1. Would you mind finding the one in B:237, B:260 that is among the aliphatic types (A, V, I, L, M), over 30 Å from residue A:153 (Cβ atoms) and facing another protein chain (nearest Cβ under 9 Å)?
2. For the condition among the β-branched types (Val, Ile, Thr) and modelled with pLDDT under 95, what is the one hit in A:128, A:119, A:98?
3. In segment A:215-232, how many are within 14 Å of chain B (Cβ to nearest Cβ) and at pLDDT 90 or above?
4. Residues in segment B:89-134 that are touching a Cys at 6+ places or on another chain (Cβ under 6 Å) and among the hydrophobic types (A, V, I, L, M, F, W, C): how many?
5. Of the residues A:106, A:134, A:81, A:144, which is surrounded by 17 or more Cβ atoms within 10 Å (Cβ to Cβ), more than 30 Å from residue B:114 (Cα to Cα), of a type outside the set (Gly, Ala, Ser) and modelled with pLDDT of 90 or more?
6. When residues of segment A:84-114 are filtered for being more than 14 Å from every other protein chain (Cβ to nearest Cβ) and in contact with a helix residue (DSSP H, G or I) (Cβ under 8 Å, 6 or more places away or on another chain), how many remain?
7. Just one of A:194, A:143, A:133 is within 19 Å of the chain's Cα centre (by Cα) and more than 7 Å from chain B (Cβ to nearest Cβ); which is it?
Amino acid sequence: MAFIDNIIHGKGLKKSVNSEKYSNDKLPWYTKTTVFKYGNFGIFMFGIIVVAALVAGARIYQGLYGFEHGLDSMSQGFQDYWMTLVKAELIGIFSFNVVLWLYLWYSRERDMDNVKPEVELKRYINLVLWILSYTFIVYWTTSYFAYADGAWHQTVLRDTSFTPSHNILFYGCIPLYLTFGVGGFLYAMTRLPSFGRAISIAYTFAVLGPALILPNLGFNEWGHAYWMTEEIFSHPLHWGFVVLGWNALAIGGVLMQIVIGMSKSFKKINSKFADNSNSEFTENL
Amino acid sequence: MSKSESRSFFGKIFRMRSEDREILKIVGLNKEQAGLARYFDFLVVAAAFLLFCGAFHLHVMLSAGDWDMFIDWKDRQYWPLIIPIDTIMFPAAVQAAFWYYFRLPIGATLCGVCLLTSVWIGTYSYWHLWTMFPIVLNVPSIIIAGCILLDVILLIFRRWIFVACIGAPLFALTFYPSNMAALTGYYVPVEHLGSMASMADVIGYTFPRSATPEYIRIIETGTLRTFEGTSVWVSGVFAAFVCIFLYMLWWQIGMAFSTVKTWSQSPKLKKYLGFKG
């Protein structure tokens, strides 16, 4: 835990901030910033940096081994470099997902009726950070690596469904955006009363729609294997991805729900301080 | 040195004006809460940019991608018809959410900029560097001019129905002219194996796409060529007509997506989630 605290707050900083011998004047300047006080900005940035490193690694891997070992699915090189990658991605990412989702469930709020507004406010900001992380990997999936798939299939005729572009896009990126999509959904349901009391339709669509792209892959691959061998991007075979991708727009509804929830938290906090000028509440976060 | 002079660069940009203080007083936020609201704004802006870059690009790529990607697919019949029809959907939806809730007339332009940004990043990184197609083969369409018009019409008339009836047709009709300057060079006629072709055609013949052979290229297949110079405007007017209704539909879809609605939760699950009552 100390290691994680150091990542989030800087080495020894949490300890020094909480220590009584430090007055407010002696604290580093950044401890007084909004970013430091609200939400777990550090750990989400750490997650985004890890995803960015995975994305960069995937791009380099495709560049190095795409044409060298990715042209013939019957070759030993293809099995070694590309099928091993698929197995590692599916086992590694889904194992991590199960652990994370179970952690979110078991560490849930046990008294939702009495969550303090200050804590609720902090959790709303954490939820926005979940959504930011989700959109970060959604971009790499639906734009960057999807376009890579287009470039590959214009160039190389497929002889398998596990092409070098698919192996990153479908079996790496999509499980990874499920990490953040389902993770954020669980976080909201288990920690925020407004999301736990009733199921948010917008959030359900925003997570479920893009998640269904993975099973829709079955139809896509079936179509390419038995029906349409050439590559027309705008072919109806691909429209399932399009319609499911539209659901990502429902993030707008989730953000509106967060805005409403934050406004209510502000009002609850302000009712404690009639003069509306007290900043005490932020120091207790 | 006065206080305003001693501020940092960002401090000067984001300093609170007297008008801002008045607004905060009315809505009942103190300074720290206003800081939190601004922090929230920055996170949302970053998330929105990434979301529109990804989702809009996926939409265009898989529903009209061929005409958007390749220079030799940018014909006078289908390209001015399909791209405006396909690309007006997201701007309409995003305009709805941004305008209705925040009175921000930037939704369409934001979509246009996000699309072009994400397309170029992918084009350079993969089409050019990985599969080594030349950039001249992969020139994306630009919809930003039409998007600016949509936002301006919304700002002037302040009603979505006017944007649907005036802005949407303009979006479609300005598409071809606003791309013309960038594409003129590709329409230069050249002789190819004794026949006349455009420069764009020759580029397409020279760099073969294994999975898109020439026989499936969908360009100018009908009799529209007999209209000669006016063919592009026939397509443009048809696109304008369709865009009116698609704008209306997608405005409503945008509103539906940004509305807060909930399903009732089962009592048993509520109990597991920590609700006592």
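1. The match here is B:260.
2. Within the list A:128, A:119, A:98, the selection yields A:119.
3. Total satisfying the criteria: 5.
4. Residues in segment B:89-134 being touching a Cys at 6+ places or on another chain (Cβ under 6 Å) and among the hydrophobic types (A, V, I, L, M, F, W, C): 4 in total.
5. A:81
6. 10
7. A:133
Here's the yes/no breakdown for (1) surrounded by fewer than 13 Cβ atoms within 10 Å (Cβ to Cβ); (2) at pLDDT 90 or above; (3) more than 12 Å from every other protein chain (Cβ to nearest Cβ); (4) within 30 Å of residue A:151 (Cβ to Cβ):
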position	(1), (2), (3), (4)
B:8	yes, no, no, no
B:61	no, yes, no, yes
B:80	no, yes, yes, yes
B:83	no, yes, no, yes
B:92	no, yes, no, yes
B:111	no, yes, no, yes
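The values are calculated or read from the model by the stated rules, or taken from the named source; none is laboratory data. What you see is a predicted model, and the numbers here were worked out from it, not measured in a lab. Note that each Cβ is placed from the backbone with ideal geometry, even for glycine, and that neighbours are counted across all protein chains shown.
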